[in-house]
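Report on the structure given below.
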Amino acid sequence: MDDGDDQTMTRSLRSPRFVLLALALALVAAPLAGCALFDKKVDVLLIGDSIMNQSAPAVQDQLRLQPGLEDIKVHTEAVNGSGLMTPGVYDWLGEAQGLIDTYQPKIVVVLFVGNYTDTDLFVGADGTPIPNDYGQRFYAEWGRQAATLTTTLQSKGAQVYWVLPPPFLSDEGARRNNLMRQTYVDLARAKPGVGLVDGRQALGGPQGEFEWKLPGIDGKDVTVRQGDSLHLSEEGGELMARKIAFDIGPTLVEIRRAQATA
């Protein structure tokens, strides 16, 4: 190769087009080299409905206040209006394996408080729709869906925590709340490696009763619910996040300690 050819090649290597091509190839090759740029692994995966969406933003900050968890990573996949029996809104059982494979969490926290549709009804194994009456058949199917989802979420070794719903307003709300809580308690008893986070302790009164106002993170009384009595205010979400972080934090510390000594 003569000097002219060498100078031409040098100019080509410095051209914007070559630089952009080299960058593109590097980005494609990065995952193969284990580059962190494409690493989506997290410590905690939060999944659920709108109540989880209102609680999730503060969970990472609350966890990072705990010694040994200052760099913890949390990711949220929550869909407003979704439930365990609303595949038309979001198919949690169908998507769960992909979420676990992508984020490879150490802990998954699940928060669902019910279905949000009276028209797009879930069809049971017998081929008939299950009404959203929160009756015996509804909760039996809800429990089956929760158990199946839990098995998938545990498939890569994650520990799963289910959030017992916070109090609901009215006698009918209390009835639904009690049956939903019992469904999750039965699930935790039946499946090893399942923990519970009690939403009543986060957003209930002294006896776990419904409250509009409670002491907030800073100790001052704040409104914790929105006007529909179900959804959370920003301050209510912070209280739920603090409870989630308080309950799962020790397990995260143990997991990290075990990994460090392995």
Worksheet item: lysines near K191 by alpha-carbon distance under 27 Å, same-chain residues fewer than 8 away left out - which ones?
Response: K41, K73, K106, K156, K243
Worksheet entry | Inter-site label distance for V253 and T151 at 7 Å from Cα along Cβ, in nm | 3.5 nm
Discussion item. I need two numbers for segment 44-119: Rg to one decimal and Dmax as a whole number, Cα atoms only, in Å.
Written reply: 13.5, 48
Worksheet, complete the sentence: Expressed in µm² per second, the diffusion coefficient of the chain from the Stokes-Einstein equation, with Rh the Kirkwood radius over alpha carbon pairs, at 20 °C and 1.002 mPa s, is 104 µm²/s
Worksheet item: Once Lys and Arg get +1 and Asp and Glu get -1 on their Cβ, which of A158, Q97, F138 lies farthest toward the positive end of the dipole of the chain?
Response: A158
Worksheet item: For D228 and T119 in the same chain, what is the full-extension length gain: residue separation times 0.36 nm, less their Cα-Cα distance, in nm?
Response: 37.2 nm
Worksheet item: Calculated FRET efficiency, N80 and A260, Cβ-Cβ r, R0 45 Å, to nearest 0.05?
Response: 0.75
Worksheet entry | Convex hull (Cα only) mean projected area of segment 139-262, reported in nm² to one decimal | 9.2 nm²
Worksheet entry | Distant-in-sequence amide H partners of K213 (H built 1.01 Å from N, under 5 Å) | V224
Worksheet entry | Amide hydrogen neighbours beyond the local backbone of F122, cut-off 5 Å, H modeled | I130
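What stretch of the chain, leaving out the sites themselves, is the longest with no GluC sites (Glu not before Pro) in a DSSP loop having at most 14 other Cβ atoms within 10 Å?
Longest gap between qualifying sites, sites excluded: 71-208.
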Response to the item:
In terms of the charge dipole of segment 202-262, which places +1 on Lys and Arg and -1 on Asp and Glu at the beta carbon, the residue among I255, V222, W212 farthest towards the positive end is I255
Practice prompt. For segment 107-123, take each phi angle, set θ = phi - 60°, evaluate the Karplus expression 6.51 cos²θ - 1.76 cosθ + 1.60, and give the result in whole Hz per residue in order, putting x for glycine and proline.
Written response: 9, 10, 10, 10, 9, 10, 10, x, 8, 10, 9, 10, 10, 8, 7, 6, 9
Item to complete: For n ≥ 4 DSSP H runs only, could you compute -39500 (n - 2.57) per run for the chain, divide by its residues and tell me the 222 nm figure to the nearest 500?
Response: -15000 deg cm²/dmol
Worksheet item: So what's the convex hull volume per residue for the Cα atoms of segment 103-207, in Å³?
Response: 126 Å³
Response to the item:
By accessible area (1.4 Å), largest first, R242, R144, R225 order as R144, R242, R225
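The values are calculated or read from the model by the stated rules, or taken from the named source; none is laboratory data. Because the structure is predicted, anything quoted here is derived from the model rather than measured. Glycine also receives a Cβ, built like all others from the backbone with ideal geometry; neighbour counts cover every protein chain displayed. For accessibility, only protein heavy atoms count, side chains too; no ligands or nucleic acids. Shrake-Rupley method; radii C 1.70, N 1.55, O 1.52, S 1.80 Å.
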